[in-house]
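Working notes for the structure below.
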Amino acid sequence: MKPVCIVIISILFLTHCAPNQDIQPFEQTRVMMDTFVQISIYDQNRTSEELKSISESAFKQIETIESITNDYDDSSAISLINRQAGERAVALDRVMLDLIQASDKINQISGGAFDITLGSVKQLWSFAHENPRIPGDALLQQQLENVGHHHFIIEDGAIQFILPGVRLDLGAIAKGYAIDTAIEVLKENGISNAMVNAGGDLRTICSDLTKGKRRVWIKNPRRPEAFLGFFRMDEGSVATSGDYERFFIYESERYHHILDPKTGKPARGCVSVTLQAATATEADALATAVFVLGPDRGMELVNSLPGVEAIIVFERDGKLDWSVSTGLKKKFKKIN
Ligand code: AMP
Ligand code: MG
């Protein structure tokens with residue numbers, strides 16, 4: 001079997017800021033968390049030296065979250081938990097506790113579509129390798145036994161797995177959480193207008209400097225040079241989950257990294273989900289959850305959650321189509 005491997009670290013979804021000509025943001029970009037992270041600060045009262053130091057603190061915060069949640073690093077907290085929590089309770093630091101509790105909430109409201117215990121199943125797919133493979137059904141079934149949030153318990157700030165084969169994977173939420181904590185650092189330093197954009201997943205805070213001027217542009221997931229449309233957003237978070245981010249094609253079928261916890265296989269139904277929520281943690285996790293639920297059940301969930309909006313792109317009869325959540329219908333400007 002020789003699947004064609006195409007791995008795209010996506011910066012397909014971008015937010016454009018269009019402030020006054022005379023207000024330029026202080027901007028820095030780094031490669032972190034497997035993508036480009038850009039911090040833009042709008043501030044007229046501080047020197048660029050001061051802004052640089054504040055921006056550095058926010059990057060440092062993202063670095064910290066990455067070092068805790070990176071399962072490719074054997075010394076990270078997540079790796080330690082995955083190695084040891086099958087045998088004994090492992091103490092959780094504040095970040096891991098926050099992330100697991102937030103994940104548990106999204107697991108519940110999505111009826112299990114979002115599931116951080118997919119780690120053992122994800123290992124079977126190895127999307128990050130040069131030669132990805134399609135695991136056999138027997139192997140998938142075996143690892144699916146380890147999937148489900150009821151397979152771990154948290155007590156007195158420590159986690160223990162009920163089954164030794166459980167593995168946690170925070171790939172669908174850690175980036176959002178890192179963005180939120182970076183925004184916190186900016187706010188603590190007195191910044192009131194900024195954007196932290198990690199490969200298209202982003203959060204903005206807004207002052208009068210750019211009020212009414214920020215737009216979230218949605219690109220066509222199958223034709224990156226074309227836009228589907230845009231909507232205005234002063235303050236909030238947006239994240240996208242897509243089948244084009246990490247995938248390979250084998251015998252004309254697309255195998256991507258967003259897995260259905262029921263089957264352990266790539267979730268079918270959506271091409272991409274761009275989701276708006278108050279925090280980037282929620283936006284990131286919910287975008288993944290809605291992707292797994294598919295266009296109909298996914299949109300139902302979005303429309304039932306206050307302050308949550310989405311644009312769901314899907315294929316029907318070989319053609320690309322999309323749906324827009326109730327609260328975004330009037331705001332979303334389609335581009336023909
Ligand atoms: P995202 O791009 O935010 O949708 O996250 C995708 C990543 O989350 C994958 O690369 C996996 O690490 C992990 N993942 C895949 N499927 C799920 C799922 N159903 N629930 C939670 N995490 C998942
Ligand atoms: Mg996500």
Provide, as a two-decimal number, the C-alpha radius of gyration of the range 223-290 over 2.2 N^0.38 Å, N being how many residues it has. 1.26
Which of rounded, prolate or oblate describes the range 167-271 when judged by the alpha-carbon gyration tensor and an a/c cut-off of 1.5? oblate
Express in nm, to one decimal, how much length is gained between Thr47 and Ile23 on full extension, taking 0.36 nm for each residue of separation and deducting their alpha carbon distance. 7.3 nm
Integer Hz, Karplus 6.51/-1.76/1.60 couplings in order for the range 258-267, x for Gly and Pro: 9, 9, 7, x, 6, 10, x, 10, x, 5
Gap separating the Cα centres of the range 200-277 and the range 52-109, nearest whole Å: 23 Å
Modelling each spin label as a point 7 Å along the Cα-to-Cβ direction, I'd like the Arg254/Glu188 distance in nm, to one decimal. 4.0 nm
Counting only C-alpha contacts under 8 Å and six or more residues apart, can you give the relative contact order of the range 227-278 as a whole percent? 43 percent
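Count the net charge of all other residues whose Cβ sits under 9 Å from the Cβ of Gln123, scoring Lys and Arg as +1 and Asp and Glu as -1.
The answer is +1.
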Suppose a student asked you for the relative contact order of the chain, using Cα pairs under 8 Å spaced at least 6 residues apart; what percent would you report? 21 percent
Between Lys265 and Asp296, what FRET efficiency comes out of the Förster formula 1/(1 + (r/R0)^6) with R0 = 25 Å and r the beta carbon distance, rounded to 0.05? 0.85
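For Glu66, Glu49, write out the residues from largest to smallest accessible area, computed with a 1.4 angstrom probe and no ligands counted.
Result of the area sort, largest leading: Glu49, Glu66.
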Probe of 1.4 angstrom, ligands and nucleic acids ignored: what's the accessible area per residue over the range 34-119, in square angstrom? 47 Å²
Starting from the Cα of Lys331, step 7 Å toward the Cβ, then list every residue of the range 182-208 with an amide N under 14 Å from that point. 203-206
Under a plain spin-label model, where a point goes 7 Å from the Cα along Cα-to-Cβ, how far apart in nm are Asp73 and Ala138? 3.9 nm
Connecting C-alpha atoms closer than 10 Å in a GNM of the chain, tell me which of Tyr255, Tyr244, Tyr72 has the biggest fluctuation. Tyr72
What are the ³J(HN,Hα) values, in whole Hz, obtained from phi via the Karplus relation 6.51 cos²θ - 1.76 cosθ + 1.60 with θ = phi - 60°, for each residue of the range 174-191 in sequence order, with x given for Gly and Pro? 4, 5, x, 5, 4, 4, 4, 6, 5, 4, 4, 4, 4, 4, 4, 8, x, 7
Volume per residue (Å³) of the convex hull spanned by the alpha carbons of the chain is 139 Å³
Which percent of the accessible area of the chain is formed by carbon and sulfur heavy atoms (probe 1.4 angstrom)? 48 percent
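Based on Cβ point charges of +1 for Lys and Arg and -1 for Asp and Glu, what charge dipole magnitude is obtained for the range 69-156 about its Cα centre, in debye rounded to the nearest 20?
Rounded to the nearest 20 debye, it is 140 debye.
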Can you list the lysines whose alpha carbon is less than 20 Å from that of Lys122, not counting same-chain residues fewer than 8 positions off? Lys2, Lys175, Lys262, Lys265
Past 26 Å, Cα to Cα, is the threshold; run Lys52/Lys105; Lys60/Lys331; Lys187/Lys211 against it and keep the listed order. Lys52/Lys105; Lys60/Lys331
Can you give me the distance in nm between label points at Phe36 and Leu163, each placed 7 Å from the Cα along the Cα-to-Cβ direction? 4.1 nm
How much accessible area per residue does the range 205-314 have, counting only protein heavy atoms and a probe of 1.4 Å, in square angstrom? 36 Å²
Distances longer than 13 Å among the Cα atoms of the range 297-336: what percent of all pairs is that? 55 percent
Rel. contact order, % - alpha carbon contacts under 8 angstrom, at least six apart, the range 52-191: 35 percent
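The values are calculated or read from the model by the stated rules, or taken from the named source; none is laboratory data. What you are looking at is a predicted structure, and each value in this text was computed from that prediction instead of being measured. Ideal geometry is used to build each Cβ from the backbone, glycine not excepted, and the neighbour counts take in all protein chains shown. Quick note on the areas: whole protein, heavy atoms, side chains included, nothing else; ligands and nucleic acids left out. Shrake-Rupley method; radii C 1.70, N 1.55, O 1.52, S 1.80 Å.
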